[in-house]
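Okay, so here's the structure we're looking at.
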Amino acid sequence: MESRTRLSKQTSDIISENVEEYLEALWISEEEGNPITKIDWVAKRLHIKPPSVVEMFKKLAKQGLVKYYPYRGVQLLEAGRTIAQRVIRNHRLIELLMKTLNIEIDENLVCGIEHHVNEVFAKALYTFLGSPKKCPHGKDIPERIVSEEVIS
(Lines give C-alpha, C1' and ligand atoms only; values in the text may rest on other atoms or scores of the structure.)
Protein backbone atom coordinates (compact mmCIF):
# COMPACT_ATOMS: atom_id res chain seq x y z
CA MET A 1 0.00 0.00 0.00
CA GLU A 2 1.37 3.40 -0.98
CA SER A 3 2.04 5.83 1.86
CA ARG A 4 1.31 9.49 1.18
CA THR A 5 2.10 12.50 3.31
CA ARG A 6 -0.40 15.32 3.36
CA LEU A 7 -1.57 18.08 5.61
CA SER A 8 -4.54 17.16 7.73
CA LYS A 9 -5.91 20.70 7.53
CA GLN A 10 -4.46 23.40 5.33
CA THR A 11 -4.77 26.87 6.81
CA SER A 12 -4.51 28.29 3.31
CA ASP A 13 -7.72 26.44 2.36
CA ILE A 14 -9.74 28.74 4.60
CA ILE A 15 -7.73 31.98 4.56
CA SER A 16 -7.63 34.25 1.51
CA GLU A 17 -4.41 35.60 0.03
CA ASN A 18 -5.62 39.08 0.96
CA VAL A 19 -5.87 38.11 4.64
CA GLU A 20 -2.45 36.46 4.46
CA GLU A 21 -0.97 39.74 3.15
CA TYR A 22 -2.32 41.63 6.17
CA LEU A 23 -0.96 39.02 8.58
CA GLU A 24 2.38 38.97 6.77
CA ALA A 25 2.61 42.76 7.16
CA LEU A 26 2.02 42.42 10.92
CA TRP A 27 4.79 39.79 11.17
CA ILE A 28 7.22 42.13 9.40
CA SER A 29 6.21 44.99 11.71
CA GLU A 30 6.89 42.75 14.73
CA GLU A 31 10.30 41.86 13.27
CA GLU A 32 11.00 45.58 13.15
CA GLY A 33 10.28 45.80 16.88
CA ASN A 34 6.64 46.88 16.89
CA PRO A 35 4.46 44.63 19.10
CA ILE A 36 1.46 46.79 18.16
CA THR A 37 1.35 47.89 14.54
CA LYS A 38 -0.14 51.23 13.53
CA ILE A 39 -2.95 51.18 10.98
CA ASP A 40 -1.20 53.81 8.83
CA TRP A 41 1.92 51.64 8.61
CA VAL A 42 -0.11 48.72 7.22
CA ALA A 43 -2.06 51.01 4.89
CA LYS A 44 1.16 52.39 3.39
CA ARG A 45 2.78 48.97 3.11
CA LEU A 46 -0.22 47.40 1.37
CA HIS A 47 -1.25 50.54 -0.58
CA ILE A 48 -4.73 50.49 0.96
CA LYS A 49 -6.70 53.34 2.55
CA PRO A 50 -6.65 53.32 6.38
CA PRO A 51 -10.46 52.89 6.77
CA SER A 52 -10.27 49.70 4.69
CA VAL A 53 -7.40 48.45 6.86
CA VAL A 54 -9.43 49.12 10.02
CA GLU A 55 -12.41 47.25 8.54
CA MET A 56 -10.24 44.24 7.71
CA PHE A 57 -8.62 44.16 11.15
CA LYS A 58 -12.04 44.26 12.82
CA LYS A 59 -12.99 41.18 10.76
CA LEU A 60 -9.71 39.44 11.60
CA ALA A 61 -10.22 40.23 15.29
CA LYS A 62 -13.62 38.48 15.16
CA GLN A 63 -11.86 35.45 13.65
CA GLY A 64 -9.34 35.40 16.50
CA LEU A 65 -6.35 36.18 14.28
CA VAL A 66 -5.48 39.63 15.66
CA LYS A 67 -6.23 41.88 18.60
CA TYR A 68 -7.52 45.25 17.42
CA TYR A 69 -6.93 48.28 19.64
CA PRO A 70 -9.05 51.23 18.42
CA TYR A 71 -6.92 54.32 17.74
CA ARG A 72 -3.74 52.40 18.69
CA GLY A 73 -3.23 49.61 16.21
CA VAL A 74 -3.31 45.85 15.92
CA GLN A 75 -1.37 42.87 17.23
CA LEU A 76 -1.01 39.30 15.95
CA LEU A 77 -2.61 36.59 18.06
CA GLU A 78 -1.25 33.04 18.02
CA ALA A 79 -3.58 31.82 15.24
CA GLY A 80 -2.66 34.81 13.05
CA ARG A 81 1.01 34.41 13.87
CA THR A 82 0.94 30.78 12.69
CA ILE A 83 -0.50 31.82 9.33
CA ALA A 84 1.93 34.73 8.97
CA GLN A 85 4.84 32.47 9.88
CA ARG A 86 3.92 30.04 7.10
CA VAL A 87 3.64 32.82 4.52
CA ILE A 88 6.92 34.46 5.60
CA ARG A 89 8.69 31.09 5.57
CA ASN A 90 7.40 30.33 2.09
CA HIS A 91 8.36 33.80 0.84
CA ARG A 92 11.91 33.57 2.11
CA LEU A 93 12.44 30.02 0.88
CA ILE A 94 11.23 30.99 -2.60
CA GLU A 95 13.58 33.99 -2.63
CA LEU A 96 16.45 31.71 -1.68
CA LEU A 97 15.49 29.22 -4.39
CA MET A 98 15.54 32.00 -6.99
CA LYS A 99 18.97 33.13 -5.78
CA THR A 100 20.22 29.51 -5.83
CA LEU A 101 18.99 29.17 -9.41
CA ASN A 102 20.76 32.44 -10.26
CA ILE A 103 17.45 34.10 -11.12
CA GLU A 104 16.86 37.74 -10.23
CA ILE A 105 14.48 37.87 -7.26
CA ASP A 106 11.12 39.14 -8.50
CA GLU A 107 9.10 40.23 -5.44
CA ASN A 108 5.81 40.17 -7.38
CA LEU A 109 6.42 36.58 -8.43
CA VAL A 110 7.51 35.56 -4.93
CA CYS A 111 4.42 37.20 -3.41
CA GLY A 112 2.21 35.35 -5.88
CA ILE A 113 3.74 31.95 -5.16
CA GLU A 114 4.06 32.20 -1.36
CA HIS A 115 0.33 31.64 -0.80
CA HIS A 116 0.25 28.35 -2.70
CA VAL A 117 3.11 26.44 -1.07
CA ASN A 118 1.97 23.75 1.36
CA GLU A 119 4.05 22.48 4.29
CA VAL A 120 5.10 19.29 2.48
CA PHE A 121 6.61 21.30 -0.40
CA ALA A 122 8.09 23.92 1.95
CA LYS A 123 9.78 21.19 4.00
CA ALA A 124 11.21 19.59 0.83
CA LEU A 125 12.40 22.98 -0.41
CA TYR A 126 13.97 23.75 2.98
CA THR A 127 15.86 20.44 2.88
CA PHE A 128 16.86 20.91 -0.79
CA LEU A 129 18.30 24.34 0.05
CA GLY A 130 20.41 22.90 2.88
CA SER A 131 18.28 23.90 5.89
CA PRO A 132 18.97 27.64 5.55
CA LYS A 133 18.65 30.03 8.49
CA LYS A 134 18.56 33.31 6.51
CA CYS A 135 16.96 34.57 3.30
CA PRO A 136 18.98 36.47 0.67
CA HIS A 137 18.14 39.73 2.49
CA GLY A 138 19.61 38.45 5.77
CA LYS A 139 16.26 37.91 7.52
CA ASP A 140 15.55 34.79 9.56
CA ILE A 141 13.66 31.96 7.89
CA PRO A 142 11.08 30.84 10.47
CA GLU A 143 11.23 27.29 11.72
CA ARG A 144 8.82 24.63 10.50
CA ILE A 145 5.28 25.25 11.67
CA VAL A 146 4.38 22.79 14.40
CA SER A 147 0.70 23.64 14.73
CA GLU A 148 -0.19 22.15 11.35
CA GLU A 149 -0.28 18.41 11.80
CA VAL A 150 1.48 16.27 9.19
CA ILE A 151 0.18 12.73 8.89
CA SER A 152 1.15 9.70 6.82
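Read through the list (1) buried (at least 17 other Cβ atoms within 10 Å of the Cβ); (2) in a helix (DSSP H, G or I), then give the number of the only condition that ASP40 fails.
Checking ASP40 against (1) buried (at least 17 other Cβ atoms within 10 Å of the Cβ); (2) in a helix (DSSP H, G or I), the one that fails is (1).
Pull out all pairs, ordered by first then second residue, where Cβ-Cβ is under 7 Å, the residues are six or more apart or on different chains, the first lies in the range 115-130 and is farther than 14 Å from ARG92 by Cβ, and the second is of a type in the set (Val, Ile, Thr) and part of a loop (DSSP other than H, G, I, E, B).
Listed pairs, sorted by first residue: GLU119/ILE145; VAL120/THR5.
Which of the residues spanning the range 62-76 are aliphatic (A, V, I, L, M) and either modelled with pLDDT under 95 or surrounded by fewer than 17 Cβ atoms within 10 Å (Cβ to Cβ) (or both)?
Looking only at the range 62-76, we keep the residues that are aliphatic (A, V, I, L, M), and these are 65-66, 74, 76.
Once the filter is applied, which keeps residues that are aliphatic (A, V, I, L, M) and either modelled with pLDDT under 95 or surrounded by fewer than 17 Cβ atoms within 10 Å (Cβ to Cβ) (or both), the range 62-76 yields nothing.
So in the range 108-125, with the set limited to residues that are charged (D, E, K, R) and within 19 Å of SER16 (Cα to Cα), which one is surrounded by the most Cβ atoms within 10 Å (Cβ to Cβ)?
Kept after step one, since they are charged (D, E, K, R), are these residues of the range 108-125: 114, 119, 123.
Remaining after also requiring within 19 Å of SER16 (Cα to Cα): 114, 119.
Numbers: GLU114: 24, GLU119: 22.
Taking the candidates together, the pick is GLU114.
Looking only at the range 46-60, filter to residues that are touching a residue at least 12 places away in the same chain (Cβ under 8 Å) and farther than 28 Å from PHE121 by Cα; which one of those is surrounded by the fewest Cβ atoms within 10 Å (Cβ to Cβ)? Lay out the reasoning, then the answer.
Going residue by residue through the range 46-60, those that are touching a residue at least 12 places away in the same chain (Cβ under 8 Å) are 46, 53-54, 56-57, 60.
Remaining after also requiring farther than 28 Å from PHE121 by Cα: 53-54, 56-57.
Numbers: VAL53: 22, VAL54: 17, MET56: 21, PHE57: 24.
The extreme case among them is VAL54.
So which of VAL87, VAL120 is touching a strand residue (DSSP E or B) at 6+ places or on another chain (Cβ under 8 Å), part of a helix (DSSP H, G or I) and on the phi < 0 side of the Ramachandran plot?
Working: VAL87 fails: touching a strand residue (DSSP E or B) at 6+ places or on another chain (Cβ under 8 Å).
Only one candidate qualifies: VAL120.
Looking only at the range 90-107, filter to residues that are of a type in the set (Asp, Glu) and outside any helix (DSSP H, G or I); which one of those is nearest to LYS59 (Cα to Cα)? Spell out how you get there, then give the answer.
Looking only at the range 90-107, we keep the residues that are of a type in the set (Asp, Glu), and these are 95, 104, 106-107.
Going one step further and asking which of them are outside any helix (DSSP H, G or I), we end up with 104, 106.
Values: GLU104: 37, ASP106: 31 Å.
Per the criteria, the residue is ASP106.
Going by the conditions given, is GLU20 at negative phi and in contact (Cβ under 8 Å) with a residue 40 or more places away in the chain?
Numbers: at negative phi: yes; in contact (Cβ under 8 Å) with a residue 40 or more places away in the chain: yes.
In short, yes.
The values are calculated or read from the model by the stated rules, or taken from the named source; none is laboratory data. No experiment lies behind these values; they were computed from the predicted model shown. Every residue, glycine among them, receives a Cβ derived from its backbone with ideal geometry; neighbour counts consider all protein chains shown.
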